[in-house]
């Protein structure tokens, strides 16, 4: 019985796939999306400007990673930057007194609000920390490098 | 090359042997009883094994996701005598032959492997749960990864062996131009034993964008290599779920896949799907799960359990989630859930639960059988996948769990790290053992680190249990886990520390 059902479904799916010129196959079931309070909602992106009060490379407060306390006009904002190693590898640093600008989204955690930064600018230097969808680039960004550039920068002689 | 390879027997066991000899004294004809026979040795690792793993490499000075899958041949005497692997690294995809290597396996099942190809030698820690499978972690500087290996059945190295339904779970990153997006793809297909696939269905989650259930495009296929190299190692190529892959056959029931569509990178496995018409009653009873991936906060992992009533409702949901150090426990308020199984009877379905305080978590799944499934989270800005398995219905005691286990864990703190180890759990819940640890950012590898701690079962043991590990690193480290028992052979762990995220599995040794 199952195989008959599969044949029927397979034939129907094939017909639909042929009829639709899209790059992906026919959609069989819609996905349900529910939003969690921790989510980076691009629609809620804001810009904050201020002065660095302190920079912590390995914060004890979640989310893990580098945090920077920023004095804005009205308040102190805890900004999450992601792994400090990513900042270092991009030769990006923050120090007390630096005038900074961030694009990101504020989320609520058990210990208060945290601003998840997607873009950070310190003077003339800017760095993308998250993708346009809000995911950290630290573990994936190198994948977008031109292959030749990647080759040049891989450790010389490193076994693969 | 890692100097650890020179050790034919782990130091810990040399110490035990020396201590036993020193305490043995002399002049007594009866003497102490001989030490128990070693369960594992170099002879245990013999034959052909498929491996797969994913982790982090240094690329252009940055951490970068990579994957490898392959096959190696161990001669039972400490030598790697052949093999082949596919790697997907930041410079491209390569297929490399193993020209040599060494390995050692200690009495506790822990050991090490070196694999040599024309680019050099890579090194790994291993922990055997049996002679046919184990955990593996790469231990090179600036490269850390972990995964598993299983003994291959060469009789299955043919298109004809790949026949019937298969359920798969791939994770990685999809690259389009300069955009790099974390990705998860789960689904199922029918293989006809001749290289053709039909009834292919998949759900992808690319950086939080859900595809919904899609059919495979025409042109999907699988093909076991027919050339002299690939055919000897169970290698093949495939185009399924819209992606290009190389694969390595473990046996007819299990295949390891690695994405070859560089610069995108995927890794995963496919398992034989039971040939039944799935319906809502197929999901019935208790299940334990683990799932991990990425959220907009960073890495995310969760473990838990739920009960399905066979009629579309889930109850008794318990879960621990670590979202880059932010730990959330369920239930928090009142927790209810539902599930559906697709009307096409091919094993796909949806699963949702809502906590009155914590909100809603949603998933799609594909059933391997009524006792096993792969699943993918579909909540906004979370890309994660994992599996759930039927959980024992009887009460669990520490006495029942007592025994030897190997483990493979991975995580961040906040930079990537992988752990491979072994421990002995007593009937009182205390344990001791050893593990190897590779820290990516520091570029440091630690071997034979003593670990000890305790397991505390809560209630009947089928719920959230606590597992505390003290590791004699420098400085000492403490890991706090919640453990969900699948059965007396398999435990799922998720770290609940706010300064470290670890997810992993423990498997019983004989």
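The rows are residues; the columns are (1) more than 23 Å from residue B:276 (Cα to Cα); (2) facing chain A (nearest Cβ under 10 Å); (3) touching a residue at least 60 places away in the same chain (Cβ under 8 Å).
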| site | (1), (2), (3) |
| --- | --- |
| B:182 | yes, yes, yes |
| B:187 | no, no, yes |
| B:191 | no, no, no |
| B:200 | no, yes, no |
| B:207 | yes, yes, yes |
| B:213 | no, yes, yes |
| B:225 | yes, no, no |
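Among residues of the range B:79-131 being modelled with pLDDT of 95 or more and assigned to a loop (DSSP other than H, G, I, E, B), the one that is nearest to residue A:144 (Cα to Cα) is B:98. Here residue B:175 does not qualify as facing chain A (nearest Cβ under 8 Å), more than 20 Å from the chain's Cα centre (by Cα), part of a strand (DSSP E or B) and crowded, with 24+ Cβ neighbours inside 10 Å. Is there a residue being touching a strand residue (DSSP E or B) at 6+ places or on another chain (Cβ under 6 Å) and free of Cβ contacts under 8 Å to residues at least 24 places away in the same chain anywhere in the range B:141-161? No, the range B:141-161 contains no residue that is touching a strand residue (DSSP E or B) at 6+ places or on another chain (Cβ under 6 Å) and free of Cβ contacts under 8 Å to residues at least 24 places away in the same chain. From the set of residues in the range B:325-353 that are at pLDDT below 95 and within 12 Å of chain A (Cβ to nearest Cβ), which is surrounded by the fewest Cβ atoms within 10 Å (Cβ to Cβ)? If we take residues in the range B:325-353 being at pLDDT below 95 and within 12 Å of chain A (Cβ to nearest Cβ), then B:332 is surrounded by the fewest Cβ atoms within 10 Å (Cβ to Cβ). The residues in the range B:284-312 that are over 16 Å from residue B:388 (Cα atoms) and assigned to a strand (DSSP E or B) can be counted, and the count is 5.
One line per residue, one yes/no per condition, for (1) buried (at least 24 other Cβ atoms within 10 Å of the Cβ); (2) within 18 Å of the chain's Cα centre (by Cα); (3) under 30 Å from residue B:510 (Cα atoms):
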{"site": "B:97", "(1), (2), (3)": "no, no, no"}
{"site": "B:101", "(1), (2), (3)": "yes, no, yes"}
{"site": "B:110", "(1), (2), (3)": "yes, yes, yes"}
{"site": "B:117", "(1), (2), (3)": "no, no, no"}
{"site": "B:122", "(1), (2), (3)": "yes, no, yes"}
{"site": "B:125", "(1), (2), (3)": "yes, yes, yes"}
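Within the range A:117-130, the set of residues being touching a helix residue (DSSP H, G or I) at 6+ places or on another chain (Cβ under 9 Å) and surrounded by 21 or more Cβ atoms within 10 Å (Cβ to Cβ) comprises A:118, A:120, A:129. Residues that are facing chain B (nearest Cβ under 7 Å), in contact with a strand residue (DSSP E or B) (Cβ under 7 Å, 6 or more places away or on another chain), at pLDDT below 95 and in a strand (DSSP E or B) occur at least once in the range A:109-126. Taking the conditions (1) assigned to a strand (DSSP E or B); (2) surrounded by fewer than 19 Cβ atoms within 10 Å (Cβ to Cβ) in turn, residue B:281 satisfies each one other than (1). Residue B:202 passes every criterion in (1) over 25 Å from residue A:144 (Cβ atoms); (2) part of a strand (DSSP E or B) apart from (1). Whether any residue in the range B:259-270 is touching a helix residue (DSSP H, G or I) at 6+ places or on another chain (Cβ under 6 Å), within 17 Å of residue B:168 (Cα to Cα) and either without any contact (Cβ under 8 Å) to a residue 40 or more places away in the chain or away from chain A (no Cβ under 14 Å) (or both) is what I want to check. Checked the range B:259-270: no residue is touching a helix residue (DSSP H, G or I) at 6+ places or on another chain (Cβ under 6 Å), within 17 Å of residue B:168 (Cα to Cα) and either without any contact (Cβ under 8 Å) to a residue 40 or more places away in the chain or away from chain A (no Cβ under 14 Å) (or both).
Would you please name the residue that is nearest to residue A:123 (Cα to Cα), looking only at residues in the range A:37-52 that are at the interface with another protein chain (Cβ under 7 Å from one of its Cβ atoms) and modelled with pLDDT of 65 or more? Selected residue: A:40. Taken across the range B:491-505, residues that are within 20 Å of residue B:287 (Cα to Cα), surrounded by fewer than 15 Cβ atoms within 10 Å (Cβ to Cβ) and in contact with a strand residue (DSSP E or B) (Cβ under 7 Å, 6 or more places away or on another chain) do not occur at all.
Scanning the range B:216-239 for residues that are more than 27 Å from the chain's Cα centre (by Cα) and surrounded by 15 or more Cβ atoms within 10 Å (Cβ to Cβ) returns a single hit, B:217.
The values are calculated or read from the model by the stated rules, or taken from the named source; none is laboratory data. Because the structure is predicted, anything quoted here is derived from the model rather than measured. In this analysis, Cβ positions are derived from the backbone assuming ideal geometry, glycine residues included, and neighbour counts consider all displayed protein chains.
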